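The values are calculated or read from the model by the stated rules, or taken from the named source; none is laboratory data. Source: prediction; values computed, not measured. Every residue, glycine among them, receives a Cβ derived from its backbone with ideal geometry; neighbour counts consider all protein chains shown. Accessible surface is based on the protein model in full, side chains and every heavy atom, while ligands, DNA and RNA are left aside. Shrake-Rupley method; radii C 1.70, N 1.55, O 1.52, S 1.80 Å.
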Amino acid sequence: DRRQRQMCIRDRYSDGVNTRTHQQLLMQGRPRSLSGLMGLYESSYARFMRLAPYRELPFDEAISSSPADSDVHLRVLERCKFTTTLQLTYWFENEGERTADPDLTIRLYHDTGQAEALHCSLHPRCVALRDFKYQEKSVLESQWGRNLMLNKWLAYLLEHQHGFIADTGSIGRIT
């Protein structure tokens with residue numbers, strides 16, 4: 001049941017949406033300036049703060065469970081005075097092999113209220129995520145693809161009642 005649900009989650013990103021539609025959506029959202037990208041960073045930070053409402057995360061690792069989605073895993077990679085770098089992903093198992101997907105490395109800039117996707121796996125298993133171009137010609141285009149994906153995924157997680165809350169009666173469980 002769990003494996004079947006994980007496969008459904010991976011494919012749910014693309015239900016009823018073809019590749020051309022994804023490309024059209026991406027092209028419509030391309031920023032014409034650095035300020036457009038900064039706006040996307042701010043939106044992602046606001047969404048992440050709803051998912052884990054802590055300036056300083058009170059855990060190093062956490063798992064968020066939702067009745068409608070697979071577990072989401074958060075791992076803090078680095079803590080600095082004004083930033084936190086973390087990994088956010090699902091873990092899928094297939095024939096005894098674990099795969100992180102999408103394997104996002106995110107840096108939170110607490111002083112400016114921004115979240116930046118620093119890295120994303122180049123070959124995501126989720127069908128819809130394959131349409132996002134992570135290695136574009138310019139730095140701005142590369143950043144836009146990763147960060148648009150982050151922003152949309154955070155919205156998806158919030159819609160499916162994910163959250164990382166440190167108290168015992170919370171949605172997420174802390175490991």
Any idea what diffusion coefficient region 35-124 gets from Stokes-Einstein, in µm²/s, Kirkwood Rh on alpha carbon pairs, 37 °C, 0.692 mPa s?
235 µm²/s
Under a 1.4 angstrom probe, counting protein chains only, how are 76, 139 ranked by accessible area, largest first?
139, 76
Residue 83 versus residue 119, label points 7 Å from Cα toward the beta carbon: distance in nm?
1.4 nm
Filter the trypsin sites (Lys or Arg not before Pro) in region 32-98 down to the DSSP loop ones having no more than 16 other Cβ atoms within 10 Å, then list what survives.
32, 55, 81
